[in-house]
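The values are calculated or read from the model by the stated rules, or taken from the named source; none is laboratory data. Fair warning: this is a prediction, and the values are worked out from it, not measured in the lab. Cβ placement follows ideal geometry from the backbone for every residue including glycine, while neighbour counts extend to all protein chains displayed. Only protein heavy atoms, including side chains, enter the accessible area calculation; ligands, DNA and RNA are left aside. Shrake-Rupley method; radii C 1.70, N 1.55, O 1.52, S 1.80 Å.
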Amino acid sequence: WNKTHETGYFLQQTRFMLAMEHDNELWLAPLVPAYWLKDGQSIHVQNLRTRFGTGSYRIRSRLAQGVIEAEVTLADIADGVTACLRLPHPDGKHIRRVEVNGQPHNDFTGDCVRLQPCAGKTMVRVFF
């Protein structure tokens, strides 16, 4: 702790793993290692403060069933912002389909699902 710049850099890099802003996009879990999403693992970020507002998310891996689920709350995020939720498969498998709030969702590429912030919780299910 006697090297303030190293501590600050560590905290900045940790934050970049969990959230990052780019233009009018809020990236959620942009640099999370894929092995963090092995079956049974979870990631929980609460009261995430960004330049767009405050949000939260929880990711749960159920890869034994071929699914990763996420609960995203972005009610306080500014209008015109798109959220990009990154859900990498630990074995490099590609996303086959996505459901948002129980409905088919086609706005995904690679391992990222694009979401429009809305009031309440957004439930995301990604199938591999």
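With a cut-off of 12 Å between beta carbons, the residues surrounding GLN65 carry a summed charge of +1, where Lys and Arg count +1 and Asp and Glu -1. Charge dipole (Cα centre; +1 on Lys/Arg Cβ, -1 on Asp/Glu Cβ; no other charges) of the chain amounts to roughly 320 debye.
Charge tally for GLY55 (other residues, Cβ to Cβ under 10 Å; Lys, Arg +1; Asp, Glu -1): 0.
Charge dipole (Cα centre; +1 on Lys/Arg Cβ, -1 on Asp/Glu Cβ; no other charges) of the stretch 47-108 amounts to roughly 240 debye.
Each Lys or Arg adds one and each Asp or Glu takes one away; over the other residues whose Cβ falls under 13 Å from the Cβ of VAL81, this sums to -3.
Here the chain exposes an accessible surface that is 50 percent carbon and sulfur, computed with a 1.4 Å probe and the other protein chains kept in place. Inter-label distance, ASN47 to HIS5: 3.2 nm, where each label sits 7 Å from its Cα along the C-beta direction.
Using the average count of surrounding beta-carbon atoms within 10 Å as a protection proxy, the listed peptides 98-106, 19-27 rank, highest first, as 19-27, 98-106.
The helix-only estimate of mean residue ellipticity at 222 nm for the chain, built from DSSP H runs of length n ≥ 4 each weighted as -39500 (n - 2.57), is -4000 deg cm²/dmol after division by the residue total. You can think of it this way: the chain between TRP36 and GLU99 has 20.5 nm of extra reach, that is 0.36 nm per residue less the Cα-Cα gap. Cross-link reach is defined here as a Cα-Cα straight distance under 26 Å, omitting same-chain residues fewer than 8 places apart; for LYS38 the lysines meeting it are LYS93, LYS121. Solvent-accessible surface of the stretch 1-126, averaged per residue with a 1.4 angstrom probe and all protein chains in place: 60 square angstrom.
Note on semi-axes √(5λ) of the Cα gyration tensor in Å: of the candidates [x] 21, 18, 13; [y] 34, 15, 12; [z] 24, 19, 12, the value calculated from this structure sits at [z].
By accessible area of protein heavy atoms, probe 1.4 Å, what ranking do PHE127, PHE16 get, highest first? Write down the numbers at each step before the final one.
Numbers: PHE127 20, PHE16 60 Å².
Largest accessible area first, the residues go PHE16, PHE127.
Computed from label points 7 Å out along Cα-Cβ, the spacing between PHE127 and HIS22 is 2.8 nm.
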